[in-house]
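Visitor: Take a look at the following structure, please.
No value in this document is a laboratory result; all are computed from the given coordinates. Since we're looking at a predicted model, the values are computed, not measured. Please note: Cβ atoms are built from the backbone with ideal geometry, for glycine as well, and neighbour counts cover all protein chains shown.
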Amino acid sequence: MRPLSPNIQIYRPQLTSVLSIANRITGVFLSACAVILVIWLIAAASGPDAYLRFHDIIASWPGQILLLAATFAFFLHLCGGIRHLVWDTVRGFELRQIYVSGWIVVVASVVLTVVCWSASLLIAGKV
């Protein structure tokens, strides 16, 4: 009996499937980041000692990587959502337009992440 779906060992992931999976993963990741945001708010409300402990954790290099990943995930999820809103208007379903919009989502997410972090570093006076 032959398999009904493509064999995962020979299937080549396409941009559309990768972006679909990435959208789901970023949604789950952003939900976890929302919990961290609540922890930050609780630390801020608990006083300077608790806030300083949280700040030290988030200012460490693993914390900065987490923030960078959260920023990219936010923009990837946002841009993917905008792409889906355009699709809801029954536009952009030709194969070429699907791939162009997919690459626009990826590039826009990277550019927006870089702009956001650059502005943050500029405001903080670290540039």
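Visitor: Relative contact order for the chain: what percent, with Cα pairs under 8 Å and sequence separation of 6 or more? Please list the in-between numbers first.
Guide: Values: 56 pairs, mean separation 35.9, N = 127.
28 percent.
Visitor: T89 to V127: extension gain in nm, 0.36 nm per residue of separation minus the Cα-Cα distance?
Guide: On the way: separation 38, 0.36 × 38 = 13.68 nm, distance 4.22 nm.
Computed gain between T89 and V127 is 9.5 nm.
Visitor: Between exposed chymotrypsin sites (Phe, Trp or Tyr not before Pro) in the chain, where DSSP calls loop and at most 11 other Cβ atoms lie within 10 Å, what's the longest gap?
Guide: Numbers: sites that count: Y11, F93.
Longest gap between qualifying sites, sites excluded: 12-92.
Visitor: Can you tell me the mean projection area, over all orientations, of the convex hull of the stretch 15-124's alpha carbons? Units nm², please. Don't skip to the answer; put the middle values down first.
Guide: Details: hull surface 32.5 nm².
It is 8.1 nm².
Visitor: What does the extension gain come out to for V114 and Y51, with contour length at 0.36 nm per residue minus their alpha carbon separation? Walk me through the numbers before you get to the answer.
Guide: Values: separation 63, 0.36 × 63 = 22.68 nm, distance 2.67 nm.
Fully extending the segment from V114 to Y51 adds 20.0 nm.
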